[in-house]
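Undergrad: After the structure tokens below, expect a handful of questions from me.
The values are calculated or read from the model by the stated rules, or taken from the named source; none is laboratory data. This one's a predicted model, so the numbers in the text were calculated from it and none came from an experiment. A quick note on method: Cβ atoms are made from the backbone with ideal geometry, for glycine too, and the neighbour counts reach across all protein chains shown. Remember, those area values only see protein heavy atoms, side chains included, never the ligands or the DNA or RNA. Shrake-Rupley method; radii C 1.70, N 1.55, O 1.52, S 1.80 Å.
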Amino acid sequence: MKTFGGLRIAVAVLAIIYILIPLIVVIPASFTSANYPSFPADGFSLQWYTKILERPEFLEAFLNSAKFAALAALFSVIFGTLAALGIAKYEIPGKSYITALLTSPLSVPQLVLGIALLMYFTPMMLAGTSTGFLIAHIVICIPYVMRLVLTGLSGFDYNLERAAAILGANPLTVFLKVTLPLIGSAAISGGLFAFLTSFDNVTVSLFMVSPEMRTLPIEIFSQMQDAYNPIVASVSSVVIFISVLLIIILEKIQGVGKVFGGSHHTNG
């Protein structure tokens, strides 16, 4: 058993190192004073961060990413929270299939999902449009909100809702005054994770964007294909810093592990 435990720790450490290697290379390379990518960094300079402000394509792409991520997070919180409440509170026919369908973007490879959405949106004239892009991001973000809200509902005391109703509160008041405050942290955490998922997404976005509508990850991907230079490393580092900040906030509010380890509770 000790050998097996040691093996698990070794595999976990190797996995963490494998994940961190790109960060270990990209972030130091963004501070190089040379005019070419170098690792270790050739000197230290913030010039490549200041030059981001001189590149309107990066600024426009950042604003696009932030806008779509905020909208995707907003709609994902609304739809994901309502879906989680329906699944947790009511005996719906085919509940397990509905849950599997709504959370399927977590298990379906992003490449397959991107191709499927493109094939589905093209006849509807949504491919390459802002609306199609937003819908695609909502689809991939909803599962995270659902998971966290379902986790929050797993320990929910439904007697509180019943007590409020008995005291004369209507359903809307019960939801706003009792239910929502108790699951609010889970919904906010789901919104943060949805924002991060949308902001960082590349694979699905590649199938949804048009030449006139580019997000920051797509712009970075395009720049790397044309000619890799230190400004790409600095932009990538900014994305990494934003992602880490949101993950820290998410961990403080809810716990990152609950996004993937959530369970749901049914009102029996």
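Undergrad: Looking at segment 117-129, is at least one residue within 15 Å of the chain's Cα centre (by Cα) and touching a residue at least 24 places away in the same chain (Cβ under 8 Å)? Break it down into steps so the answer makes sense when it comes.
TA: The initial filter retains those residues of segment 117-129 that are within 15 Å of the chain's Cα centre (by Cα), namely none.
No, segment 117-129 contains no residue that is within 15 Å of the chain's Cα centre (by Cα) and touching a residue at least 24 places away in the same chain (Cβ under 8 Å).
Undergrad: Quick test of your reading of the structure: Ala84 fulfils all but one of (1) within 19 Å of the chain's Cα centre (by Cα); (2) within 28 Å of Gly128 (Cβ to Cβ); (3) touching a residue at least 60 places away in the same chain (Cβ under 8 Å). Name the failing condition by number.
TA: In the conditions (1) within 19 Å of the chain's Cα centre (by Cα); (2) within 28 Å of Gly128 (Cβ to Cβ); (3) touching a residue at least 60 places away in the same chain (Cβ under 8 Å), Ala84 misses (2) alone.
Undergrad: What pairs come up if the first residue lies in segment 222-241 and is on the phi < 0 side of the Ramachandran plot, the second is acidic (Asp, Glu) and modelled with pLDDT of 80 or more, and their beta carbons are under 7 Å apart, counting only those six or more places apart or on different chains?
TA: Matching pairs, first to second residue: Val239/Asp200.
Undergrad: Under the condition of being of a type in the set (Val, Ile, Thr) and over 19 Å from Phe195 (Cβ atoms), which residue from segment 72-94 is surrounded by the fewest Cβ atoms within 10 Å (Cβ to Cβ)?
TA: Taking segment 72-94 as the starting set, the residues that turn out to be of a type in the set (Val, Ile, Thr) are 77-78, 81, 87, 92.
If we keep only those that are over 19 Å from Phe195 (Cβ atoms) as well, we get 87, 92.
Numbers: Ile87: 21, Ile92: 13.
The selected residue is Ile92.
Undergrad: Would you check if there is a residue in segment 95-106 being buried (at least 17 other Cβ atoms within 10 Å of the Cβ) and of a type outside the set (Val, Ile, Thr)?
TA: Kept after step one, since they are buried (at least 17 other Cβ atoms within 10 Å of the Cβ), are these residues of segment 95-106: 99, 102-103, 105.
Now restrict to residues that are of a type outside the set (Val, Ile, Thr): 102, 105.
Scanning segment 95-106 turns up at least one residue that is buried (at least 17 other Cβ atoms within 10 Å of the Cβ) and of a type outside the set (Val, Ile, Thr).
Undergrad: Tell me, please, whether a residue that is of a type in the set (Asp, Glu), open to solvent by less than 50 Å² (accessible area, probe 1.4 Å) and part of a helix (DSSP H, G or I) can be found in segment 180-203. Walk me through how you get there before you give the answer.
TA: Pass one, segment 180-203, residues of a type in the set (Asp, Glu): 200.
Still in the list and also open to solvent by less than 50 Å² (accessible area, probe 1.4 Å): none.
No, every residue in segment 180-203 fails to be of a type in the set (Asp, Glu), open to solvent by less than 50 Å² (accessible area, probe 1.4 Å) and part of a helix (DSSP H, G or I).
Undergrad: Could you please give the count of residues in segment 205-239 that are within 29 Å of Ala116 (Cβ to Cβ) and either aromatic (Phe, Trp, Tyr) or in contact with a Leu (Cβ under 6 Å, 6 or more places away or on another chain) (or both)?
TA: Residues that pass the stated criteria total 2.
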